[in-house]
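The values are calculated or read from the model by the stated rules, or taken from the named source; none is laboratory data. As the structure is a prediction and not an experimental result, all values here were calculated from the model. Every residue, glycine as well, gets a Cβ built from its backbone with ideal geometry; the counts of neighbours run over all protein chains shown. Just so you know, the surface numbers come from the protein's heavy atoms only, side chains and all, with ligands and any DNA or RNA stripped out. Shrake-Rupley method; radii C 1.70, N 1.55, O 1.52, S 1.80 Å.
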Amino acid sequence: MSGFASIGECMIELSGAAGDNWRMGFAGDTFNTIWYVRALSASDYPVDYVSAFGDDPFSQKQRDFLAKNGIGIANSPVISGARPGLYAITLDGAERSFTYWRSDAAARRLASDREALAASLNGRDIVYFSGITLAILSPNDRSTLLEAIAAARENGSRIAFDPNYRPRLWENVGTARAVIGDAMRLADIALPTFPDEKDLFGDASPAATAARIAALGVKEIVVKDGTGPALVTAQGLEESVPALTANAVDTTGAGDSFNGAYLSARLQGLAPADAARRAHCVAARVVEFHGALAPMEEARTAFERLCEA
């Protein structure tokens, strides 16, 4: 097994508004995560973003951006006439809200080619996806994706899943609960966020979230809780790992960067609690930048900070 695959939607991001001027970039929850996996991995380690892309000029810019930063697209289809989704970040202090234009985005067809999807996931150390990945797909394509992920797991890949519940993307609460539950049963590593789990499942505490997910058969669980501690349940141990204080200017991508750093640390052989400490270091640095993608070199410096302590 070799390589990391992240599945989902890379969108055009508009951020850092100054009057009517906006900065254009590329982001999306599972793409943000793979950005940090790329930053924290050896340069020759295969890292691929599995999605579907359009053939318009903005889609070409997307693919060029990924290639420039060492991120492949595996066997992801390029669909004639399709284009990427778009979102804009509005800030209130460091907290953010989003406005989306994504109803006909190419990524909604990422599971439309079953053979290409299977080939993209074949032989990976880790396959990572999220509840947003599932929410943007049709019911049939959701089933195709989960089947492909199950096959990858059977063939030796570890599966990492962040439920990342966003109510507006789902048909209804019942569907979200059912589909996220099906996905969680395939996971070896779960990376939920407590406020999301409270909203969707009514969990009373991070410990309740961890217990509910463990009952589904997941062996390694990290419950994130914003600026609060991350609860790590793995290898028969449970530990609360405090977050770091940061001079936050934009919390976009905080949880995604935590996930990327955590999974990178686990790939490097660190124990789960130690991986969470590294992940907090990276997330604390990421929120000190505008937009979801902090410079890769800043993530690397933050990741190594504990080695110098």
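Defining a contact as two alpha carbons under 8 Å apart and six or more residues distant in sequence, what relative contact order in percent does the chain show?
Rounded, it is 17 percent for the chain.
Considering only Ala105, Ala246, Ala118, the Gaussian network model of the chain with Cα springs below 10 Å gives its largest mean-square fluctuation to Ala246. Of all lysines in the structure, those lying under 23 Å Cα to Cα from Lys219, and not within fewer than 8 positions of it along the same chain, are Lys198. Annotation: the antiparallel percentage among DSSP beta bridges lying fully within the chain is about 50. Using every pair of separate Cα atoms, the Kirkwood estimate puts the hydrodynamic radius of region 16-57 at 12.9 angstrom. Relative to the 2.2 N^0.38 Å rule of thumb, the chain has a C-alpha radius of gyration ratio of 0.92. Taking DSSP loops as anything outside H, G, I, E and B, show the longest stretch in the chain free of GluC sites (Glu not before Pro) there with at most 15 other beta carbons within 10 Å. Free of exposed loop sites, the longest segment is 1-170. Looking at region 227-309, none of the trypsin sites (Lys or Arg not before Pro) sits in a DSSP loop with at most 12 other Cβ atoms within 10 Å of its own Cβ.
Compute the length gained on full extension between Ala211 and Ser43: take 0.36 nm times their separation in residues and subtract their Cα-Cα distance, giving the result in nm to one decimal.
56.8 nm
The distance between label points at Thr175 and Trp22 comes to 2.7 nm (points 7 Å beyond Cα on the Cα→Cβ vector).
Residues in region 118-178 average 39 Å² of solvent-accessible surface per residue, probe 1.4 Å, ligands and nucleic acids excluded. Distance distribution P(r), region 1-113, all Cα-Cα pairs, bin width 5 angstrom from 0: 2, 12, 21, 23, 18, 13, 8, 3, 0, 0 percent. Between Lys61 and Glu154, the simple spin-label model (points 7 angstrom out along Cα→Cβ) gives 4.2 nm. Annotation: per residue accessible area for region 1-67 equals 36 Å², rounded to a whole number [probe 1.4 Å, protein chains only].
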